[in-house]
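This report concerns only the one structure given below.
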Amino acid sequence: MDVFKNIGNYSYQYGSEPRNFSFRGKVAQVGASIGADTVAANFPDYVRKANTAYKEWKESTARKQEQQMRAELQERVNRERKRLADKEAVLRSIKIDGVSKG
């Protein structure tokens, strides 16, 4: 509901802006002493904007998580490559009876 209450850029009847709505299950309530028709007309726009904002947040969060996972995997690959390069260097440096191994 935080997304709904913070959608920004909307028209409203004074006192019935999204931040003043309360929700109980599938029921949304807001106090409106006048202009109830305007409040009812604006509500679908609020829901649409909240859904769009939530979708964008979810996609952004997923992208950030994927980027972080890719960075961690790349770091693991880099460490493994260095480990293998170090191992190969050690093997190349081993000499038996004057013959280089590796």
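Name the trypsin sites (Lys or Arg not before Pro) in region 19-89 that are in a loop by DSSP and that have at most 13 other C-beta atoms within 10 Å, would you?
Values: sites: 19, 24, 26, 48, 49, 55, 58, 63, 64, 70, 76, 79, 81, 82, 83, 87; in loops: 26.
Listed in order of number, the matching sites are 26.
Could you compute the longest span of the chain free of chymotrypsin sites (Phe, Trp or Tyr not before Pro) located in DSSP loops and having at most 13 other Cβ atoms within 10 Å, not counting the site residues?
Values: sites that count: 10, 14.
Longest stretch, sites excluded: 15-102.
Which residues among region 34-58 fall inside the zone where the amide N is under 18 Å from a point 7 Å beyond the Cα of residue 6, along Cα→Cβ?
Once the point is set 7 Å along Cα→Cβ of residue 6, 46-58 turn out to lie under 18 Å by backbone N, inside region 34-58.
Taking percent of Cα pairs over 21 Å apart as the quantity of interest, determine which of [x] 60; [y] 40; [z] 43 was computed from the displayed structure.
[x]
For the chain, take the longest principal axis of its alpha carbons; what is the angle in degrees between that and the long axis of helix 36-93, to the nearest 10 within 0 to 90?
In the chain, helix 36-93 runs at an angle near 10 degrees to the longest axis.
At 7 Å along Cα-to-Cβ for each site, give me the label-to-label distance between residue 27 and residue 91 in nm.
Using points 7 Å along Cα→Cβ, the separation is 7.3 nm.
Taking the chain as a Gaussian network, Cα atoms linked when under 10 Å apart, which of 89, 41, 71 shows the biggest mean-square fluctuation?
89
Every number in this text was worked out from the coordinates using simple rules, so none of it is lab data. These figures come from a predicted structure and were not determined experimentally. Cβ: placed from backbone, ideal geometry, glycine included. Neighbour counts: every protein chain shown.
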